[in-house]
1. Take the conditions touching a Lys or Arg at 6+ places or on another chain (Cβ under 6 Å), of a type in the set (A, V, I, L, M, F, W, C) and part of a strand (DSSP E or B) and apply them to Phe41. Does it pass?
2. Any residue at all in region 149-159 that's assigned to a loop (DSSP other than H, G, I, E, B), out of contact with any helix residue (DSSP H, G or I) (no Cβ under 9 Å at 6 or more places or on another chain) and over 28 Å from Lys220 (Cα atoms)?
3. If you go through region 116-143, how many residues are more than 24 Å from Phe92 (Cβ to Cβ) and not in a strand (DSSP E or B)?
4. In region 160-172, which residues are assigned to a loop (DSSP other than H, G, I, E, B) and buried (at least 17 other Cβ atoms within 10 Å of the Cβ)?
5. Looking only at region 85-107, filter to residues that are touching a residue at least 40 places away in the same chain (Cβ under 8 Å) and part of a helix (DSSP H, G or I); which one of those is nearest to Thr188 (Cα to Cα)?
6. Could you list all residues from region 13-38 that are outside any loop (DSSP other than H, G, I, E, B) and modelled with pLDDT of 50 or more?
7. If a residue has to be loosely packed, with under 13 Cβ neighbours inside 10 Å and assigned to a strand (DSSP E or B) to count, how many in region 238-254 make the cut?
8. In region 197-204, is there at least one residue being among the charged types (D, E, K, R), surrounded by fewer than 17 Cβ atoms within 10 Å (Cβ to Cβ), out of contact with any Gly (no Cβ under 6 Å at 6 or more places or on another chain) and free of Cβ contacts under 8 Å to residues at least 12 places away in the same chain?
Amino acid sequence: MKISPILLGLSLVAAGSLAAAAQDASAPAAPPKVIQIAREFIKPGRAGMAHDKTESAFVATMSRAKLQGHYVALNSLSGKSRALFITRYPSFAAWEADNKIVDKSPSISAELDHDLMADGDLLQDFDQVVATYDEELSFHPHPDISHARYYEVSVFHVKPGHRKEWHQLTKMVQDANEKGGTSAHWATYEVAYGAEDGTYIILSADKSMADIDQGFAESKKFAEALGGEEGMTKLDKLYGETVESSRSELFSINPKQSYADEAWIKSDPDFWKPKATETAAAKAAAKSAAAPKPSGQ
């Protein structure tokens with residue numbers, strides 16, 4: 001059976017969405033309302049440890065400034081060599097608050113300028129978009145990415161004047177996944193700045209590549225819930241009438257380049273801060289070895 005592009009883009013991801021922005025502990029977890037996605041295209045041979053080093057300088061500067069805009073760094077496993085940095089905020093006002101911290105601190109501003117110069121030597125190109133969360137177009141988003149290792153990023157450009165059909169199309173996919181009992185989850189963001197109007201970014205995070213296998217294995221359940229061949233044909237037709245273009249890419253999470261939220265670190269310190277964990281363990285062992293032994297032994 002033919003697999004629809006919208007099926008591949010939305011329903012074959014067995015994972016959750018972005019992590020929530022820092023919120024009151026009593027508030028229910030939810031995806032951030034505002035995200036900024038910075039995209040760096042890396043020169044051949046300059047990814048890996050070289051890029052880890054320049055990006056870790058940014059992380060150190062952000063930590064010293066205590067900025068609330070934490071971000072997850074993603075390294076490409078498909079397409080051109082590039083890194084994505086997804087920074088999340090509960091509002092535009094919260095983003096502005098971080099900007100004011102930097103503006104009022106000459107030392108932080110100088111550090112960031114230095115970091116930018118060093119990192120820029122590794123890059124071929126750079127761009128950014130700003131997007132806002134759309135709850136209606138999302139499906140069971142899971143905001144906790146503390147144990148995630150991979151991201152699937154799908155971008156859809158909807159034809160002008162077809163916003164209503166885009167909502168209908170997404171509703172068909174949501175309903176079929178719900179009825180079929182698939183493991184699909186996603187968070188949908190509409191680009192507000194930096195790309196053509198009608199651009200939607202769909203984000204999913206996987207704990208392992210086995211989650212991706214599971215998603216593809218569930219395509220039969222999805223198709224049956226949609227109504228079999230007839231339902232898939234209807235979905236493909238609506239997709240062709242609605243979507244100008246689409247693209248899906250796979251990324252791995254790079255903890256060395258991420259400005260991780262304390263909640264992620266606390267939940268999985270060996271992944272997000274492995275060196276810190278090893279250092280703490282070494283210090284504890286040294287302290288234990290140096291401790292005086294009880295008398296009589």
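The values are calculated or read from the model by the stated rules, or taken from the named source; none is laboratory data. Here the structure is a predicted model, which is why all the values come from computation and not from measurement. Positions of Cβ are backbone-derived with ideal geometry, glycine not excepted, and every protein chain shown enters the neighbour counts.
1. Yes; evaluated as a whole, the condition is true for this residue.
2. No, region 149-159 has no match at all.
3. Step one: filter region 116-143 for residues more than 24 Å from Phe92 (Cβ to Cβ), giving 117-125, 139-140, 142.
From what is left, the residues that are not in a strand (DSSP E or B) are 117-122, 140, 142.
Number satisfying all stated conditions: 8.
4. His162
5. Restricting to residues being touching a residue at least 40 places away in the same chain (Cβ under 8 Å) and part of a helix (DSSP H, G or I), the top hit is Phe92.
6. Residues of region 13-38 that are outside any loop (DSSP other than H, G, I, E, B), as a first pass: 16, 34-38.
Those that are outside any loop (DSSP other than H, G, I, E, B) and modelled with pLDDT of 50 or more: Val34, Ile35, Gln36, Ile37, Ala38.
7. 1
8. No, region 197-204 contains no residue that is among the charged types (D, E, K, R), surrounded by fewer than 17 Cβ atoms within 10 Å (Cβ to Cβ), out of contact with any Gly (no Cβ under 6 Å at 6 or more places or on another chain) and free of Cβ contacts under 8 Å to residues at least 12 places away in the same chain.
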